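First the structure, in the form of structure tokens, and then the observations on it.
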Amino acid sequence: MSLIVNIENYSLTEYQKQIVKVVYDEIKPVILSIIEELKQIDINNVSPEDISKKIFIIVTTCIKIIEKTKVNNKKIDGGDKKQIVLELGKIIINTEIDNTSITDIINPIYDTLAEDVLETVIDVSSQVN
């Protein structure tokens, strides 16, 4: 596990980066088992379906944490939430998995799926609520 969270290379505003710094430690233990499983993937026998399931869990966990996060007793704006969730998932993957051979496999799948997962969850939750 990494002790340093590098968020400088991500397209977040300073405000969004501050939120990431605050929620990172709360999210990490919740998805630690998922991260550990991703660290163990066999790069010669990758299952995109298994990685996709884990990405779904990472994104939805980030949504849950960000949804309940408040700044100065106010909910975070929807656009900020979306950007934070998408980047936070990627930050977690790239910070906690130090094997670039593995992250080189996960990141393109994450980039393909994460926004669709986020939009689907938002759509479903708005229909339910």
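Out of ILE58, ILE27, ILE65, report the one residue that is open to solvent by less than 80 Å² (accessible area, probe 1.4 Å), in contact with a Gly (Cβ under 6 Å, 6 or more places away or on another chain), closer than 22 Å to SER11 by Cβ and assigned to a helix (DSSP H, G or I). Checking each option against the conditions leaves just ILE58. I'd like the residue in the range 97-117 that is of a type in the set (Asp, Glu) and out of contact with any helix residue (DSSP H, G or I) (no Cβ under 7 Å at 6 or more places or on another chain) and, out of all such residues, is most open to solvent (accessible area, probe 1.4 Å). So, considering only residues that are of a type in the set (Asp, Glu) and out of contact with any helix residue (DSSP H, G or I) (no Cβ under 7 Å at 6 or more places or on another chain), the one most open to solvent (accessible area, probe 1.4 Å) is ASP98. Across the range 69-96, the qualifying residues are those that are open to solvent by 50 Å² or more (accessible area, probe 1.4 Å) and part of a strand (DSSP E or B), and the one among them that is nearest to LEU32 (Cα to Cα) is LYS70.
Within the range 40-47, can one find any residue that is under 19 Å from LEU113 (Cα atoms) and either exposed (fewer than 15 other Cβ atoms within 10 Å of the Cβ) or without any contact (Cβ under 8 Å) to a residue 24 or more places away in the chain (or both)?
Scanning the range 40-47 turns up at least one residue that is under 19 Å from LEU113 (Cα atoms) and either exposed (fewer than 15 other Cβ atoms within 10 Å of the Cβ) or without any contact (Cβ under 8 Å) to a residue 24 or more places away in the chain (or both).
Of all residues in the range 98-125, those that are within 13 Å of VAL85 (Cβ to Cβ) have Cβ atoms under 7 Å from Cβ atoms of residues that are charged (D, E, K, R) and assigned to a helix (DSSP H, G or I), 6 or more apart or on another chain, in TYR110/LYS90; LEU118/LYS82.
The values are calculated or read from the model by the stated rules, or taken from the named source; none is laboratory data. Everything numeric here is computed off the predicted structure, so don't read it as measured data. Positions of Cβ are backbone-derived with ideal geometry, glycine not excepted, and every protein chain shown enters the neighbour counts. For accessibility, only protein heavy atoms count, side chains too; no ligands or nucleic acids. Shrake-Rupley method; radii C 1.70, N 1.55, O 1.52, S 1.80 Å.
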